[in-house]
Amino acid sequence: MGLWSTRSGISVNYSYSSSPTFAAEPWSVHTGRSRSSSSSSSRVSVFIFDKRKFENYLQKYGVIQSRSSSADRQLISDAYDIIRTQVNNLAKLKHPMLLGLVAPLEEHSKSFMFVTEYVSGCLSSIYQGSDSDQDLFNTESQDIIIQRGILQISHGLDFIHNTASSVHLDLNPRTVFVNEHSDWKIFGLGHLFKLAAGTNTAEYFMPQYDRVPPFMQLNLNYTAPEIVFENTVSPRSDYFSLGALVYFLYYGRNLFNCDNSTSNYRDEYSRFERKLSQMSWESIFSKLPDKVRATIPRLMSRDLYARYEDINEFIASEFFEDPLIKTLVFLDDLPTKSTEEKTVFLNGLADLLPKFPAQLLQRKFLTALLQLLDQSSSSNDINSECLSQNLHIIIQIGRSLSVYFQ
């Protein structure tokens, strides 16, 4: 792929592909590398928004008549404010389950751009089969991938709700990204709503535009009914979005198809309620594993107060009481564990490895265990049992991967 550049700090410090790796509306996402390092760890993602393409779209479809009238300039200004808010919120909010910002937003006459940790796709692009991560969801072990991803999103929402005192409002397959370690990261913070101190509900009026690109308004396919019907927002509104996302993950399609129209949303939601009255949650969500299906009414009930009171109640549900999930959680915390805890973990890991998909072994386990090997080898107090068991596990993973990738 060819490389291109503009006169900007990002282009000075990073080279990136001329064609995007994938698209996550409104951004084209390019694979890049730091010019100051040749190691694989220098790989990043460069997000680019083309102003000219956006404004031409508005004019082509009659959203604006020209770029000179005050009304048209205001609409363009509103769009660019959402772009700025998306990235500025990412700079303010730091959490392992939010997309990691590497270089802040740069604004140029023809574009916006910023740099993040490397991501291989968003859930939407992965399910459409436009990138290499598609295989993650086409294996017998896909449930553990999805289960872990939902847990990571939930931890991200816990931070947004309980630390940042905010509501995401736009959780959907285009706003969840997958990084090179198969971790799921939340983005799409352009509509983030800050709650007043000591409150957990607020009045909220959705921005209304006609025929604009989707990023300018909430994705109604994943929007909670109280936002549309009662102009009310709460952290529990994000639980509804999470439930709709869970449906997408197991069915590969949207639960609602509103075409960004509130009137269509009313029709779609009425049909959904009629279906619920005639069938049941279990029937509508029949493809979901039993333990997550049992949580759906507490995520998506029409009654705001019948949903979970806090996202941590969902995190504590039986759905996540799985030895494989607990293994992955421990692996994430491995650097903080004592040598004794690491040794016990490694001793029990060998029997569990065959239950994990190859991509997870390669991207998550191998990376973490090689880091542990480096840490153990350079320590002044080398624990031979921990070091030996770690080497044994690394060799075991290597053998399984060599068979898988033949």
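Computed from the coordinates by the stated procedures, all read-outs in this text should not be read as laboratory data. All values reported here derive from a predicted model rather than from experimental measurement. Note: ideal-geometry Cβ built from the backbone for every residue, glycine included; neighbour counts use all protein chains shown.
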Size of charge dipole - region 323-404 - debye, nearest 20, with Cβ of Lys, Arg +1 and Asp, Glu -1, no other charges: 380 debye
Amide H of Ala24: which non-local residues (sequence gap of 5 or more, or other chain) have their own amide H closer than 5 Å, using H built in the peptide plane? Val29
In debye, nearest 20: dipole of the chain around its Cα centre with unit charges on the Cβ of K, R (+) and D, E (-)? 1180 debye
In terms of Cα to Cα distance under 22 Å, which lysines are near enough to Lys355, apart from those fewer than 8 places away along the same chain? Lys287, Lys291, Lys326, Lys342, Lys364
Which of Thr262, Thr336, Thr223 has the fewest Cβ neighbours within 10 Å, and the rest in rising order: Thr336, Thr262, Thr223
Rounding to the nearest 10 and keeping the result within 0 to 90°, find how far the Cα-based axis of helix 339-349 lies from the longest principal axis of the chain. 80 degrees
Over the chain, what is the relative contact order in whole percent, taking alpha-carbon pairs under 8 Å and six or more residues apart? 12 percent
Quick one: what are the phi-derived ³J(HN,Hα) couplings along region 146-155, Karplus 6.51/-1.76/1.60 with θ = phi - 60°, whole Hz, x for glycine and proline? 5, 4, 5, x, 4, 4, 5, 4, 4, 5
So what is the calculated 222 nm ellipticity per residue for the chain, using -39500 (n - 2.57) for each DSSP H run with n of 4 or more, over all residues, to the nearest 500 deg cm²/dmol? -13000 deg cm²/dmol
Suppose R0 equals 45 Å; then what is the FRET efficiency for Arg67 and Lys275 from their Cβ-Cβ distance, rounded to the nearest 0.05? 0.50
Please state, rounded to one decimal and in Å, the Kirkwood hydrodynamic radius that the chain gives when every pair of distinct Cα atoms enters the mean of 1/r. 23.0 Å
Positive-end residue, region 323-404 charge dipole about Cα centroid, Cβ charges, pick of Ser400, Phe365, Ser384: Ser400
Residue-count net charge about Ser338 - beta-carbon cut-off 14 Å; Lys, Arg +1, Asp, Glu -1: -3
Based on other C-beta atoms within 10 Å, arrange Leu370, Leu242 from fewest to most. Leu370, Leu242
Rounded to whole Hz and in sequence order, give me ³J(HN,Hα) for region 71-86 from the Karplus expression 6.51 cos²θ - 1.76 cosθ + 1.60, θ = phi - 60°, writing x for Gly and Pro. 5, 5, 5, 5, 5, 5, 4, 4, 4, 6, 5, 5, 4, 4, 5, 3
Cut-off is 10 Å between beta-carbons; in what order do Tyr222, Tyr204 appear when sorted fewest neighbours first? Tyr204, Tyr222
If you add up the charges near Trp281, with Lys and Arg at +1 and Asp and Glu at -1, over every other residue whose beta carbon is less than 11 angstrom from its beta carbon, what do you get? +2
Most fluctuating residue given options Leu369, Leu123, Leu105, as computed from a GNM of the chain linking Cα atoms under 10 Å: Leu369
